[in-house]
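See structure below.
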Amino acid sequence: MRYLLRRFLHAAILLAGASVLAFLFTSLAPGNYFDEMRLNPQISSETLRALKAHYDIDKPLAVRYAVWLKSLANGEMGYSFAYNAPVEPLLLVRARNTLLLTITSTLLAWFIALPLGVWSAQYSGRWVDRVVTGASALLLVIPDIALGLGLLIFAVRTRWLPTGGMVSVGSEAMPFAAQWWDLLRHMILPVAILVLGAQPVLVRHVRSAVAEALEEGFVRAAAAHGIPRRRLLWRYALRAAANPLISLFGFSIGVLLSGSLLVEVITSWPGLGPFLLEAILARDLYVVIGGVLLSTVFLVGGNFIADVLLFWADPRIRTE
Amino acid sequence: MKSAPQRQRVIVTLLVLLHGIVLVGGFVAPYDPVRQDRDRPYAPPAGIHFADGQGKFHLRPFVYAQRLREGSFDQYEDDHSKLIPLKFFVSGASYRLLGVIPAKVHLFGADEETANLLGTDGYGRDLFSRIIHGGQISLFAGLLAAGVSLLVGTIVGSASGYLGGWTDSIAMRLAELCLALPWLYLLFGVRAFLPLLVSPVKAFLIVVTTIGVLGWARPARLVRGVALSAKERDFVRAAQGFGASNSYILRRHILPQTKSVILTQAAILIPQYILAEVTLSFLGLGIPEPAPSWGNLLSSLQQYSVLSSYWWMYLPAMAMVPFFFGYLALSSTLQEGRRAAKIDS
Amino acid sequence: MEVLLVAENLVKEYAPRRLRGAGGVVRALDGVSVEIRAGARVGIVGASGSGKSTLALCLACVARPDSGAIRFLNRDLAQVDESELREIRPLIQLVFQDSAGAFNPKFTVGEVLEEPWILQRKLNPAERRERAADLLERAGLPGNILGRMASDLSGGQRQRLAIARALALQPKVLILDEALSALDYSVQAQIANLLLDLSDKAVPAAERPAVVLISHDLAMATRISDEIVVMQGGRIVERGSPEKIVHAPEHRATRELLVCTSGVSAEFDQRPAV
């Protein structure tokens, strides 16, 4: 139990440090949102000054950080200059959209990769393995951007799928079931890109973890005892392969918010990625910090979840 | 299958060849990548033919001239009445070979005519030339950035691992922090917060430095591991017994041991960083117009009209594939080699 | 003969990490005192865990004892400053058991031998090469291996090379920590003879080191040493000349070592304890 507490503390400290770093980075950057406004002759310098004071731009860094921390404790994340609205609702909506995509594709990707990897490891060296490994390698050498754009062009040319956005125009007016179907149709393309992009790495890791486990002495001994193959695979080998797979799963969770930026931009999916990009270009300070922090929470949290799962799954860790 | 060192040599040869083609890009590319031809925006690729409409076989390959289709303002068709032969070693726009030697000879071309083997972009610029020159920039950016990462990572990692104590603790905590932040966002953030409207050269340097410096943590950790185990070895103790200074030991005994780790990391980082530059440029945060980069060549695809009508604008994406294949194959043979070496030792 | 190296009441503890965090320190050295004189040949023997290796590391200034003093030529090594320590270190040389890690795998034999002089900034390249060839000869190695990779040599050759390198800076004390244990028996005999030659009285005093052999092999130690020190559980349990140790062992540990050694028959165990 103490182990878990230690890991949690570690994660919390990491998060705190990351928030400081993020704040530092963004605040030290030259130029801020209001400098752009200064170029606009319609805004008087008085208004500008009032705005700046309102947002505490001129206060020292530490003060701003403290104020931000306090508001964080209240569940607020600061104010967006560009949208003239508090940050959290904006971020949360976008994060929800992103998670819709990434959770679906992560689950699907694992659902496909696990059996493929296990299968491939089981028949290591035979044609099944070769096909799977070959296909993985092929996918691996095609970078995400090429994959995404390629599938997009395919979608555009065949007109089978909608080519952008999350919902069709006027979907609010549709009946409930139709709305869901509309959403689903829009998800197919980005999810496909994400799943295909994740496959090679996942399959490769699953395959190597299971293959190594199958080589282990105790598995071979069990096989020699005549334990049926299926049981061998699932109850023996998979448990031995669990550790690296759990870590990988933790990583998958970690990138739920940050791994889909490119896909979202390409398919015009209104997720966190494009939103953050826009904010970065507009120097919308608190949006950027809030977004980066949210993603970091997932990254650090993913690791922590992996730690918890490992603790639960591996008795060796419990005795440390 | 061939043995690992043999395979390595084949792959390295392939990579060198590919990079070589891009290196002498000015020679290979028929046209100046920034030369616009506003009369021929989005012209499709001109197919290479050996036999013409009458069934006559020509020894010299040729393309058809293109003309606008009747009633269309953006659809082209081949004009079978006009054959443009392709000549080799033609004199064309001047360029600098390897960035230094002024030259005018190109690998192939069509003299006064234009033959766009891969079509043109919205400004009528030859896509083939832009892909080659863009490759120069993207590849070079990736290689340079990897070099920066490895340099910073090696310095920090070896010092951290060898000296231990506070240096080590602080460095590794910092590394952990850097690795905890989402890399892509960090990249965008840092890049976007630096001046955006700069010359292509400055942008290139900014991009390379940003990608390289932000990626120091992983190589640093790996090098640190090597330094940690190396410093326990007897020959280091022996050298210390002879009065060796820390810098001597780092230089003569520890750093040479890091070579294989650095090489493996390089094979992994280079394609990652090429992709990072491509992504940055694609999103407008990288190399600005008119300089070509594989990334900004693809950014026009963000417009629906381009996506649906001008498929050849996708080709720069395919140009990356052979390079990634080479690097991937290289890193897997390197890893195999290290595994085999471990078994032998 | 002058006293070179003295260990006084050394104590060194290790706290091993346990699964359940239970305490329990291991006393590797529990009040050990030993004296090494110039030209002496001392054999420190004991079973595994007796503390002999720890003693070797402390004597060679590689490890620091928790309490007690080590004096070299009457200077307390815990009190000297860095620069003096740097001068003293080359005079007490350590040769390890496993020579595989003793040399940088990318170094040639020549580079291995010349390193001490390069580090001490002595001799020019030509002199270094000459002295390296000299050392090879003293160590019984063929002169033509200077260009070979140090890691390519056989076990026995590597130990000779390690000894040669240790001799480069003319140390006053040569400590060999189980340096023979990983070798074939016949090769062991050769190295033992080498050590005898190196510390023979005929060798001029400047080049003759005191030899300290750490071993679990009592028979081998008696071959080389003039004095045997027996250790058990971090303490010295018996001392004496080889003859006395072999023929009239007093402590149980000594007798156990006698039984275990190669080439010594079990008849000694039947002798009653005196």
Over the protein assembly as shown, what lengths in whole Å, largest first, do the semi-axes of the equivalent ellipsoid take, defined as the square roots of 5 times the eigenvalues of the alpha-carbon gyration tensor? 66, 35, 29
Bridge type composition, the protein assembly as shown - antiparallel percent by DSSP, nearest 5: 70 percent
Taking alpha-carbon centroids only, the range B:52-86 lies from the range B:261-335 a number of Å equal to 32 Å
Would you be so kind as to identify which of B:14, B:329, B:217 lies farthest towards the positive end of the dipole of the protein assembly as shown, taking Lys and Arg as +1 and Asp and Glu as -1 on Cβ and the Cα centre as origin? B:329
Between B:36, B:54, B:240, where does the largest GNM mean-square fluctuation fall for chain B, given springs only between Cα atoms within less than 10 Å? B:54
How large is ³J(HN,Hα), in whole Hz, for each residue of the range A:110-127 in order, when computed from phi with the Karplus curve 6.51 cos²θ - 1.76 cosθ + 1.60 and θ = phi - 60°, using x for Gly and Pro? 5, 4, 7, 6, 4, x, 4, x, 5, 4, 5, 6, 4, 9, 3, x, 8, 5
Most positive-pole-ward Cα, C:60, A:244, B:284, against dipole of the protein assembly as shown from beta carbon charges: A:244
Can you tell me the 0 to 90 degree angle between the C-alpha axis of helix B:165-180 and the longest principal axis of chain B, rounded to 10? 30 degrees
From other protein chains only, count the Cβ atoms within 10 Å of every residue's Cβ in B:316-324, then give the mean. 4
Send over the per residue convex hull volume for chain C, Cα only, as a whole number of Å³. 155 Å³
Show me C:90-98, A:111-119, B:312-320 ranked by packing, highest mean number of other Cβ atoms within 10 Å first. C:90-98, B:312-320, A:111-119
From the Cα gyration tensor of the range B:49-103, with a ≥ b ≥ c the square roots of its eigenvalues, which class applies: rounded if a/c is under 1.5, or else prolate if a/b is larger than b/c, or else oblate? oblate
What is the packing order of peptides C:251-257, C:75-81, taking the mean over residues of other C-beta atoms within 10 Å and listing the highest first? C:251-257, C:75-81
Counting only residues 5 or more places away or on other chains, whose amide H sits under 5 Å from the amide H of residue C:176 once H atoms are built in the peptide plane? C:95, C:212, C:213, C:214
How much net charge surrounds residue B:219 when only the other residues with a Cβ under 15 Å from the Cβ of residue B:219 are counted, with Lys and Arg +1 and Asp and Glu -1? +3
What FRET efficiency would be calculated for the residue pair residue C:124, residue A:5, taking the C-beta separation as r and a Förster radius of 51 Å, to the nearest 0.05? 0.20
Please tell me which of these pairs span more than 32 angstrom C-alpha to C-alpha: C:12/C:106; C:12/C:244; C:172/C:244; B:259/C:172; B:202/C:106? C:12/C:106; B:259/C:172; B:202/C:106
Please state the charge dipole magnitude for chain A, taken about the Cα centre, from unit charges on C-beta atoms (+1 on K and R, -1 on D and E), reported in debye and rounded to the nearest 20. 1120 debye
Hz values of 3J(HN,Hα) by residue in the range B:290-297 - Karplus curve (6.51, -1.76, 1.60), Gly and Pro given as x: x, 4, x, 8, 3, x, 6, 5
So what's the range B:217-275 giving for Cα Rg divided by 2.2 N^0.38 Å, two decimals? 1.34
Please build a GNM for chain A, connecting alpha carbons under 10 Å apart, and tell me which residue among A:265, A:288, A:156 fluctuates the most. A:156
Could you work out the relative contact order of the range B:213-345? I mean the mean sequence separation of Cα pairs under 8 Å and 6+ apart, divided by the number of residues, in percent. 19 percent
So if I average 1/r over every pair of distinct C-alpha atoms in the range B:166-259 and take the inverse, what Kirkwood radius in Å does that give? 15.9 Å
List the pair-distance distribution P(r) of the range B:245-344, using every Cα-Cα distance, as the percent of pairs falling in each 5 Å bin from 0 up to the bin containing the longest distance, rounded to whole percents. 2, 11, 14, 15, 13, 11, 9, 8, 7, 5, 2, 1, 0, 0
Net charge (Lys, Arg +1; Asp, Glu -1) of residues whose beta-carbon lies under 13 Å from that of residue A:168, residue A:168 excluded, is -1
For chain B, set up a Gaussian network in which alpha carbons nearer than 10 Å are linked by springs, and say which option among B:249, B:206, B:155 fluctuates the most. B:249
Taking H as built 1.01 Å from N, whose amide H comes closer than 5 Å to the amide H of residue C:78, not counting residues under 5 places away? C:70
Ordered by residue, what ³J(HN,Hα) values in Hz, to whole numbers, does the range B:23-32 give under the Karplus form 6.51 cos²θ - 1.76 cosθ + 1.60, where θ = phi - 60° and Gly and Pro are x? 4, 8, x, x, 7, 6, 6, x, 10, 5
To the nearest 10 degrees, the tilt of helix B:200-214 (Cα long axis) against the first principal axis of the alpha carbons of chain B is 30 degrees
Residues with amide H under 5 Å of residue C:4's amide H, sequence separation 5 or more or different chain, H placed in the peptide plane at 1.01 Å from N; which? C:36, C:37, C:38
According to the square roots a ≥ b ≥ c of the eigenvalues of the Cα gyration tensor, what is the shape class of the range A:184-257, taking rounded for a/c under 1.5, prolate for a/b larger than b/c otherwise, and oblate for the remainder? prolate
Under a Cβ-only charge scheme (Lys and Arg +1, Asp and Glu -1), can you give me the dipole magnitude of chain C about the Cα centre, in debye to the nearest 20? 460 debye
Per DSSP H run of at least 4 residues, take -39500 (n - 2.57); add these up for the protein assembly as shown, divide by its residues and hand me the 222 nm value, nearest 500 deg cm²/dmol. -18000 deg cm²/dmol
If you put +1 on each Lys and Arg Cβ and -1 on each Asp and Glu Cβ, how big is the dipole of the protein assembly as shown around its Cα centre, in Debye rounded to 20? 1020 debye
Taking the convex hull of the alpha carbon atoms in chain A, what volume per residue do you get, in Å³? 193 Å³
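Bear in mind these aren't lab numbers, they're just calculated from the coordinates by the rules spelled out. Just so it is clear, the model here is predicted, and its values are computed rather than measured. Positions of Cβ are backbone-derived with ideal geometry, glycine not excepted, and every protein chain shown enters the neighbour counts.
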